[in-house]
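Nothing in this text is a laboratory measurement; each read-out follows from the coordinates by a stated rule. Every value quoted in this text rests on a predicted model; they were computed, and no experiment measured them. A quick note on method: Cβ atoms are made from the backbone with ideal geometry, for glycine too, and the neighbour counts reach across all protein chains shown.
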Amino acid sequence: MADKLWGGRFHGQAADWVDDFGASIHFDYQLAKEDIEGSIAHATMLAKQGIIGEDEAATIIAGLKEIEAEFEAGQIHFSVKNEDIHLNIESILTEKVGPVAGKLHTARSRNDQVATDFHLWLKHRLPAVKAAITDLQQELVTLAEKNVDTLMPGYTHLQHAQPISYGHYLLAYYEMLQRDFERFEFNEKHTDILPLGAAALAGTTFPIDREFVADKLGFDQVYHNSLDAVSDRDFALEFLSNSAILMAHLSRMAEEMILWTSFEFNYLELSDSFSTGSSIMPQKKNADFAELSRGKTGSVYGHLMRLLTVMKGLPLAYNKDMQEDKAGVFETFDTISAVLKVFTGMLSTMTVKKDKMRASLKGDYSNATELADYLAKKGLPFRQAHAVVGMLVYQGIEEGTALEDMPLSELQKASDLIEEDVYQVLDPVTAVNTRTSLGGTAMENVQKEVESAKKVLAAR
Ligand code: ARG
């Protein structure tokens, strides 16, 4: 099989479909730029160390740059016969500059090469992920600031629980995204390590300079164990795991947007640019993009499980199984980038139906805790207060009367601790504004949280 770059010890020929099965060029062509960048750094180092001639390195580098330009112009044709991006580029380089191209692979293996390309690829893209998260956080804070005093029911079990500020709700997502941001930041740390120089698995006998290569490629560190360098895919697993958690957050928000744009809730209306109609029902305005984002969460979770399963039980060092590591990461990057952008777009263009949110608090008994707390503050043990209010709620539902609409005499039949000031307490504005405990929904708290979030974002 002399047609293969590694074909020396082979005499037989693989069928095309077998080559196709083993190839990764279908997806790893996306590493082309990183592969070239890594090779240029490697060639520069080989020459600096006197391992290859300066003129040889110059020829190789010029050839690589030509390939890069042709790749960018869409003029390169990769072949399955050459299996993957690394062998494809080396083979094209050979066509361009002749046998000197063969010197590029000195002191290098595809094992440390692919790991380097993959690290570089992710290292180049994590800043964009962080920026997209920041954009969405920015939008949430802008919206929160406009809705500090927008009241709505807070839910548990999707039942009205207690009144909250809609701004407070929005900032809950800001906080989740803040943790996502920090997780990707940590991910950057583990991506910023150079594997190149580990060679196949054990290091090399050539006098290479790994720190020089790291410096050229902008890596913060080099791996200190050659086996670990070629076997580690933690950085990819972390990326997928961080993405899965991010998607869990966005999927929860999507679910609420879908519910809240329904006729029953009617808290939000999506803009025409972020909703779709029906081919049969003329009245329809569907939250398709929120639904699709919720749906795409499945593929991101799938990619995480896929790579965890691929890596599980692999003996050190490189195994071909690891070729399955990249496609899911590439797709996940595209997915989370698109979904983050869609959310920023949906939030910045939707209409918040403040009046409808506020009206949902009318007669919903979400002020029952206020009354129980009121009685407890007057000395009634909370358990008894809870029972008294429970009975009033029962009575109110039977009669169709909200707590705040019951006459004082009626309320006093349940407890003589109740006085005229109770109506102030039953007002949802009071319910929200008295929740001044740290992290509570009081408007003054929400306003302060808006200010501190703005500072965090401005410092990025
Ligand atoms: N295409 C391979 C991958 O993606 C590159 C490394 C191949 N190394 C090897 N020893 N076969 O993992």
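Here are some notes:
- Within the straight-line cut-off of under 22 Å between alpha carbons, the lysines reachable from Lys378 are Lys413, sequence neighbours fewer than 8 places apart in one chain being disregarded.
- Charge dipole of the chain about the Cα centre (unit charges at C-beta), most positive-ward option of Leu158, Thr349, His224: His224
- The residue among Ile418, Val388, Met322 whose Cα reaches farthest toward the positive pole of the charge dipole of the stretch 275-429, with charges on the beta-carbon of Lys, Arg, Asp and Glu, is Met322.
- Placing +1 on each Lys and Arg Cβ and -1 on each Asp and Glu Cβ, with no other charges, gives the chain a dipole about its Cα centre of roughly 260 debye.
- Asn286 long-range amide H proximity, modeled H, under 5 Å: Thr276, Gly277
- Computed label-point distance, nm, for sites Asp288 and Val18 using a 7 Å Cα→Cβ extension: 4.7
- Overall form of the stretch 368-458 per C-alpha gyration tensor (a/c, 1.5; a/b vs b/c): prolate
- If you take the Cα centroid of the stretch 5-43 and the Cα centroid of the stretch 317-342, the two points sit 19 Å apart.
- Whole-number D in µm² s⁻¹ for the chain, Kirkwood Cα-pair radius fed into Stokes-Einstein, 10 °C, 1.306 mPa s: 60
- All aspartates and glutamates inside 18 Å of Lys312 as judged from Cα atoms, apart from same-chain residues fewer than 8 positions distant: Asp228, Asp232, Asp234, Glu238, Asp321, Glu324, Asp325
- Total charge dipole magnitude, the stretch 111-358, about the Cα centre, Cβ charges on Lys, Arg, Asp, Glu only, Debye to nearest 20: 680
- Average silhouette area of the stretch 180-251, convex hull of alpha-carbon atoms, in square nanometres: 5.2
- Computed over neighbours whose Cβ is under 12 Å from that of Asp364, the net charge equals +1, Lys and Arg +1, Asp and Glu -1.
- The aspartates and glutamates within cross-link reach of Lys377, meaning a Cα-to-Cα straight distance under 16 Å and a gap of 8 or more places when in the same chain, are Asp416, Glu419, Glu420, Asp421.
- CD proxy at 222 nm, helix term only [per DSSP H run n ≥ 4: -39500 (n - 2.57); per residue of the chain; nearest 500]: -20000 deg cm²/dmol
- Between Val429 and Ser348, the C-beta separation translates, for a Förster distance of 25 Å, into a calculated FRET efficiency of about 0.35.
- Segment Glu70-Asp234, extension gain: residue separation times 0.36 nm, minus the distance between their alpha carbons: 55.7 nm
- Rg followed by Dmax, in Å, when the stretch 14-147 is reduced to its Cα trace: 19.4, 68
- Separation of the Ala200 and Glu185 label points, Cα + 7 Å toward Cβ, nm: 4.3
- Pairs beyond 18 Å (Cα-Cα), from Lys33/Lys65; Lys65/Lys216; Lys146/Lys285; Lys341/Lys454; Lys65/Lys96: Lys146/Lys285; Lys341/Lys454
- Pairwise centroid distance, computed over Cα atoms, of the stretch 418-447 with the stretch 343-392, Å: 10
- Extension gain for the segment Gln159 to Phe212, taken as residue separation times 0.36 nm less the Cα-Cα distance, is 13.0 nm to one decimal.
- Inter-centroid distance (Cα atoms) of the stretch 118-164 relative to the stretch 182-257, Å: 27
- Note on Gln412 and Asp272: with the Förster distance fixed at 60 Å, the Cβ-Cβ geometry gives a FRET efficiency of about 0.65.
- Dipole orientation for the stretch 13-106: of the candidates Ile60, Gln75, Ala15, Ile60 has the Cα lying most toward the positive pole (charges on Cβ; Lys, Arg +1; Asp, Glu -1).
- Remark: the stretch 348-363, residue by residue, has Karplus-estimated 3J(HN,Hα) of 6, 10, 7, 9, 9, 8, 4, 5, 5, 4, 5, 5, 5, 7, 6, x Hz, where x stands for each Gly or Pro and the curve is 6.51 cos²θ - 1.76 cosθ + 1.60 at θ = phi - 60°.
- Here the stretch 307-402 is assigned +1 on the Cβ of each Lys and Arg and -1 on the Cβ of each Asp and Glu. Its dipole about the Cα centre then comes out at about 320 debye.
- Amide H contacts of Arg435 (H built 1.01 Å from N, under 5 Å, at least 5 apart or other chain): Ala442
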